[in-house]
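The values are calculated or read from the model by the stated rules, or taken from the named source; none is laboratory data. These numbers come from a predicted model, not from an experiment. FYI the Cβ positions are ideal-geometry reconstructions off the backbone, even for glycines, and counts take in every protein chain you see. Side chains are part of the model used for accessible areas, which takes the heavy atoms of the whole protein and leaves out ligands, DNA and RNA. Shrake-Rupley method; radii C 1.70, N 1.55, O 1.52, S 1.80 Å.
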Amino acid sequence: MTEKKQKPKTDVPDRTTWSETPWLALKGFLMGSADIVPGVSGGTMALITGIYDRLINAIRSVDKTVVISLFSLQFRTLFAAFHWRFLLILLSGIVAAIFFFTRIVPLQVYMYTDPEIIYGLFFGLILGSVIALLREVDRSEYGFKTFIPLMLGTLAGYWIVSMVPADTPENFWFVFFSGIIVLSALILPGVSGSYLLLILGKYDYVLRRLGELGNEGTGDALLALLPLFLGGLVGLALFSRILSWLLRHYHTITMMVLIGFLIGSLYVIWPYQEREYRETVTQTDIHLITDPVVQQLKENPPDTLKPEYIRLGSVTDAPEAGRETAGIEVEHVSRELVESRLFLPGAEEEPAGDYNFWGGVAGFLTGLVLVIGLDYLRRKK
């Protein structure tokens with residue numbers, strides 16, 4: 001089963017201009033935003049915003065010529081062959097998104113405190129991506145030979161997102177391997193790198209390290225993330241060539257498999273789920289009852305819906321020698337999602353607890369309109 005060769009083309013020079021910076025950085029921001037949340041693909045955003053082929057070509061521009069030029073200090077040849085301007089602007093947007101959604105508007109926190117809104121947004125983004133990607137496939141090619149890859153992709157996507165995250169090591173080689181797998185998904189529409197991180201048991205680990213950048217633990221965070229970045233470079237270099245070959249020789253089949261991945265992942269981010277969490281006390285400190293930290297916690301009880309919070313524990317025994325007052329435990333608590341069950345609002349199996357129905361609707365419509373709107377603007381150019 002062979003198809004006519006299609007995009008992306010190879011050996012395309014970088015025609016990026018500095019005047020593109022605002023829009024290209026914005027597209028990078030959208031890619032970074034998509035990659036930071038489980039279930040959404042940065043590759044899909046690249047395709048929707050019209051820079052997918054340029055991204056593949058830019059990654060593939062790192063070839064033998066570029067490597068030799070780098071080590072032989074032939075910078076004129078290096079910059080002529082390497083799509084550095086495109087990648088520099090795009091990566092600035094991606095980095096800005098990662099910083100924004102881990103430090104300023106921490107999505108990993110809102111996934112716990114407002115799950116219906118956030119998962120509704122994810123669901124709308126993915127459904128909109130399915131619609132946008134289907135429009136990329138020539139309708140004249142719809143038929144049995146495209147239905148089979150779609151179903152296989154759907155089953156594969158369902159199987160991937162059904163895997164239960166397991167405890168995995170944090171040593172160099174496993175984090176390096178995670179980088180190979182996860183960063184490859186950056187250029188694969190329909191496959192979420194962050195969800196693969198979740199499956200590999202490294203989502204919280206990576207986001208926690210990213211959140212430490214700029215703080216006192218910046219050095220340790222960079223060392224912890226180094227094997228992830230190194231593995232990502234290896235994965236991108238290898239997988240970009242495989243994907244480029246598949247898209248050139250089996251464009252429609254490859255696209256239908258990727259669309260199937262998206263469809264298969266939809267159920268796991270359905271906004272209305274009954275979620276069960278496990279709480280673990282990760283650290284316990286002893287403070288005087290008169291300590292400002294203790295007084296602050298008494299006056300402002302912690303938000304126990306957050307993935308991490310601090311709460312007051314038990315009062316210790318009589319004051320120790322030299323202390324005028326008793327102490328009290330201050331516990332650092334970590335919450336982890338251990339199980340979730342889907343339900344339909346209004347159905348008999350609807351859980352007894354409260355949930356934000358309209359928040360899920362609003363999130364879904366926002367995500368759907370955002371993706372379809374971006375795809376519409378791209379097609380109008």
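Relative contact order of the chain: what whole-number percent is it, with Cα pairs under 8 angstrom and at least 6 residues apart?
Across the chain, relative contact order equals 26 percent.
Is the range 87-139 best put as rounded, prolate or oblate by its Cα gyration tensor, with a ≥ b ≥ c the root eigenvalues, rounded for a/c under 1.5, and otherwise prolate when a/b is larger than b/c, oblate when not? Walk me through the numbers before you get to the answer.
Working: a/c = 5.95, a/b = 1.25, b/c = 4.76.
Oblate, because a/c is 1.5 or more while a/b does not exceed b/c.
Can you give the accessible area of F172 in Å² (nearest 10), computed on protein heavy atoms with a 1.4 Å probe?
Accessible surface of F172 is approximately 90 Å².
For A96 paired with H332, estimate the spin-label separation in nm (one decimal), with each label point 7 Å from Cα along the Cα-to-Cβ line.
Those two pseudo-labels are separated by 3.3 nm.
Which cross-chain or sequence-distant (5 or more) residues have an amide H under 5 Å from the amide H of Y277, H modelled 1.01 Å from N in plane?
Those lying under 5 Å, H to H, from Y277 are V338.
For Y376 and E299 in one chain, what is 0.36 nm times their gap in residues minus the Cα-Cα distance, to one decimal in nm?
22.7 nm
In debye, nearest 20, what is the charge dipole magnitude of the range 225-341 about its Cα centre with +1 on Lys and Arg Cβ and -1 on Asp and Glu Cβ, if you could check?
Roughly 1060 debye, rounded to the nearest 20.
Rg and Dmax of the chain, Cα atoms, in Å?
Rg then Dmax for the chain, in Å: 23.8, 85.
For the range 360-368, just list the computed ³J(HN,Hα) in residue order, Karplus coefficients 6.51, -1.76 and 1.60, θ = phi - 60°, integers in Hz, with x standing in for Gly and Pro.
Listing the rounded values in order: x, 5, 4, x, 4, 5, 4, x, 5 Hz.
Could you give the length gained by full extension between L223 and Q74, i.e. 0.36 nm per residue of separation minus their alpha carbon distance, to one decimal place?
Going from the current span to full extension adds 50.6 nm.
Sort 276-285, 121-130 by the packing proxy (mean of other Cβ within 10 Å over each peptide's residues), most packed first.
Highest mean packing first, the order is 121-130, 276-285.
Could you calculate the FRET efficiency of T282 with N356 from 1/(1 + (r/R0)^6), where r is the beta carbon distance between them and R0 is 30 Å, rounded to 0.05?
Values: r = 28 Å, r/R0 = 0.95.
Given R0 = 30 Å and the Cβ-Cβ separation, E is 0.60.
Per residue of the range 332-337, in order, report the coupling 6.51 cos²θ - 1.76 cosθ + 1.60 (Karplus, θ = phi - 60°) as ³J(HN,Hα) in whole Hz, putting x for Gly and Pro.
9, 10, 10, 9, 9, 6
Working out 0.36 nm times the residue gap between F147 and E339, then minus their Cα-Cα distance, what length gain in nm do you get to one decimal?
This chain segment gains 65.9 nm when fully extended.
Using a 10 Å cut-off on Cβ atoms, rank the peptides 289-297, 267-275 from the highest mean neighbour count down.
267-275, 289-297
Hey, can you rank 174-183, 218-227, 58-67 by average C-beta count inside 10 Å, highest first?
By packing density, highest mean first, the sequence is 174-183, 58-67, 218-227.
What FRET efficiency would be calculated for the residue pair V369, W173, taking the C-beta separation as r and a Förster radius of 41 Å, to the nearest 0.05? Write down the numbers at each step before the final one.
On the way: r = 43 Å, r/R0 = 1.05.
So the FRET efficiency works out to roughly 0.45.
Would you please give the FRET efficiency between T113 and D63, computed as 1/(1 + (r/R0)^6) with r the Cβ-Cβ distance and R0 = 45 Å, to the nearest 0.05? Can you show the working numbers first?
Numbers: r = 46 Å, r/R0 = 1.03.
After rounding to 0.05, the efficiency reads 0.45.
Through the Karplus equation 6.51 cos²θ - 1.76 cosθ + 1.60, θ set to phi - 60°, convert the phi angles of the range 80-85 into ³J(HN,Hα) values in whole Hz; use x for Gly and Pro.
6, 8, 8, 7, 5, 5
When the helices in the chain are scored as -39500 (n - 2.57) per DSSP H run of 4 or longer and the sum is shared across all residues, what 222 nm value do you end up with, to the nearest 500 deg cm²/dmol?
So the calculated ellipticity at 222 nm is -18000 deg cm²/dmol.
Projected onto the charge dipole of the chain (+1 at Lys/Arg Cβ, -1 at Asp/Glu Cβ, origin at the Cα centre), which of L374, F261, P345 gives the Cα projection farthest towards the positive end?
It is L374, whose Cα lies furthest towards the positive end.
State to the nearest 20 debye the size of the charge dipole of the chain about its Cα centre, where the only charges are +1 on K and R beta carbons and -1 on D and E beta carbons.
2820
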